[in-house]
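Presented below is the structure to which this report refers.
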Amino acid sequence: MPDIDASRFTMGVFQDVAWAERGLEALKERGFPSGALSIIAKDTPETCALVERVFVGAPARLVLPRLGPIVAGGSLVEALNGSAGDLARFGLAAALKRVGFQMHDGQVFETLTSRGGVLVAVEGEPRAADALAVLHSFGGANAAIGAWTGRV
């Protein structure tokens, strides 16, 4: 995975769709546009409906190592895939290095998502701390800001 995406993402994992909806609504109420949001979750009817509501269209469907079938929407998927399709090849934990997360952080996000959690990410550096506060306040477990995005 040599190429690094320059975008900064803030993300957390909500325990289920209901909590994710609350967090997403809070982000929108605080001025985060839908275009800055991303979702990755195991493929279930509930998560599929959530992604369809947020992005007004059918979700992307992928099969990931260690996670199995997922639904996703938003710019995070493109950033994690890169030009070589790293997300589907290496899985969520390894691909998160592309957007500044260390492998152990990626493993935590991957484990929480594999247990039915809904990963929500917000793209953009200027309001990363605001996004982090909202994710924490509304139940986003292990919410964090990607730090090593090509700034070494």
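The values are calculated or read from the model by the stated rules, or taken from the named source; none is laboratory data. Model, not experiment: these values are computed from the prediction. All Cβ positions, even for glycine, are placed from backbone atoms using ideal geometry, and neighbour counts span all protein chains on display.
When residue 152 is evaluated against the numbered criteria (1) modelled with pLDDT under 95; (2) closer than 15 Å to residue 9 by Cα, which criterion, by number, is the only one it fails?
(2)
The rows are residues; the columns are (1) more than 26 Å from residue 29 (Cβ to Cβ); (2) surrounded by fewer than 19 Cβ atoms within 10 Å (Cβ to Cβ); (3) without any contact (Cβ under 8 Å) to a residue 60 or more places away in the chain.
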site	(1), (2), (3)
45	yes, yes, yes
48	no, yes, yes
53	no, yes, yes
59	no, no, yes
70	yes, no, yes
88	yes, yes, yes
94	yes, no, no
103	yes, yes, yes
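Go through segment 109-152 and give me each residue that's within 22 Å of residue 47 (Cβ to Cβ) and without any contact (Cβ under 8 Å) to a residue 40 or more places away in the chain.
Result: 111, 115.
Do any helices (runs of 4 or more DSSP H) entirely within segment 43-152 hold 2 or more residues that are of a type in the set (S, T, N, Q), and if so, which?
Working: elements: 45-55, 75-81, 86-90, 92-95, 103-114, 128-137.
Hits in segment 43-152: 75-81, 103-114.
Mind checking which residues of segment 114-137 are β-branched (Val, Ile, Thr) and within 18 Å of residue 101 (Cα to Cα)?
Within segment 114-137, 118, 120, 122 qualify.
Might you let me know whether segment 93-114 holds any residue that is over 19 Å from residue 146 (Cα atoms) and among the aliphatic types (A, V, I, L, M)?
No, segment 93-114 contains no residue that is over 19 Å from residue 146 (Cα atoms) and among the aliphatic types (A, V, I, L, M).
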